[in-house]
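Working notes for the structure below.
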Amino acid sequence: MTTTITRRGLVLGAFSGATLLHAAPDTPKTAGAPFQLPKLPYATDALEPHIDARTMEIHRGKHHQAYVDNLNKAIGGQPSLTGKSVEELLRQLQQLPESIRTAVRNNGGGHANHSLFWQCLNPKPKPAKGAFATLLGKTFVNVAKLQEQMNTAGLGQFGSGWAWLVTDGKGALTVESAPNQDSPLMQGKRPLLGIDVWEHAYYLKYQNRRADYLKAIWNVVDWDFVSARYEDRAR
Ligand code: MN
C-alpha cells in the first residue's frame, strides 16, 4: 500500500528534490558476509518508557540476530556474493540465484531494516533540519502530519511489516508500507526512516495496541538522523 499524499506535496517534493542528486546508489554501509549484528548506539533501556528494555533485548538479540545468522547461512555457499553489502544484495534481488532469493529477501531485508531502525531511534531525539526539513514541510506540511501518514501506513499494514519514509531517485519523499521484511531497496527506493510494526516490536508492552505503540514511538524518533541520512547517501 502507498498512502495518499497530496498532489501538491508530490509535485513540490519532486521539484525541490530534483537538485539534490539522489539518483546515485547508496554507498554500501554494511560490510559483506559474514554479516554481524551492529552495536546499539544507546543502552537497551534508554528508550524507556516508550520502548521497554525487554522488548529491545529480544528484538535485537533474538530477532535481528536470527536475520543475521540466516542471511549468513544463505550467502555462505555463494562465493560470488561475498563482499557485497546487504543493501547491494537487496537492490539486486532479482539477479540472485533463485535458490537463495527468498532467504535473502526475508533475512537480508530483516538485517537491513533493523540496522536502520536502531539508528532512527534515540533517547534524546533532535528535530529535522536543513534541506530535509524544508522538503518535509513542502511535502507533508509539518512533522505531525507526516507522523499521521506514517501511523496510517503502519496501522493499515495487515499482519507483519513496516511503515516507511522513502526517497526516490529524484529525492522526493513518500510514505509507504510493506509486508514482512520487504525493503524499499527492492523497489529501487531508499529508506530514510522505518517503523517496525511486527508484533515482536511492541507486543510485550503494548499487546494488541499497535496504535498506542505508534503514538509512543515518535517520542524517540531522531529526525536529526533522518535529516543527515537524507543529505548524506553514505549513511
Ligand atoms: Mn523487528
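Values in this text are rule-based calculations from the coordinates and carry no lab data. In this text, all values refer to a predicted model and were calculated from it rather than measured experimentally. Virtual Cβ from ideal backbone geometry, glycine too; neighbours counted across all protein chains shown.
Taking the Cβ-Cβ separation of R54 and A228 as r and a Förster radius of 22 Å, what is the calculated FRET efficiency to the nearest 0.05?
Once rounded, the FRET efficiency stands at 0.15.
Given a Förster distance of 45 Å, report the FRET efficiency between H200 and T134 from their Cβ-Cβ distance, rounded to the nearest 0.05.
Working from the Cβ atoms, E equals 0.80.
In debye, nearest 20, what is the charge dipole magnitude of the chain about its Cα centre with +1 on Lys and Arg Cβ and -1 on Asp and Glu Cβ, if you could check?
It comes to approximately 380 debye.
Tell me the mean residue ellipticity at 222 nm calculated for the chain from its helices only (DSSP H runs of n ≥ 4, each -39500 (n - 2.57), averaged over every residue, nearest 500).
Calculated mean residue ellipticity at 222 nm is -12000 deg cm²/dmol.
Stretched out fully, how many nm does the piece from H63 to K124 gain, at 0.36 nm a residue minus the Cα gap?
Between H63 and K124, full extension yields 19.5 nm more.
Alpha carbon centre of the range 169-235 versus the range 33-53: separation in Å?
15
For the pair R101 and A144, what calculated FRET efficiency results from E = 1/(1 + (r/R0)^6), where r is the Cβ-Cβ distance and R0 = 45 Å, to the nearest 0.05?
After rounding, the FRET efficiency stands at 0.70.
Which one, S177, S99, S115, has the greatest fluctuation when you compute a Gaussian network model over the chain with C-alpha springs under 10 angstrom?
Result for the chain, Cα springs under 10 Å: S99 fluctuates most.
Please go through the residue pairs K170/K205; K84/K126; K73/K189; K39/K138 and name each one whose alpha carbons sit more than 30 Å apart in this structure.
Pairs exceeding 30 Å: K170/K205; K84/K126; K39/K138.
Please arrange V86, V68 by how many other C-beta atoms lie within 10 Å of their C-beta, fewest to most.
V68, V86
Can you sort Y230, Y203 from fewest to most other Cβ atoms within 10 Å of each residue's own Cβ?
Y203, Y230
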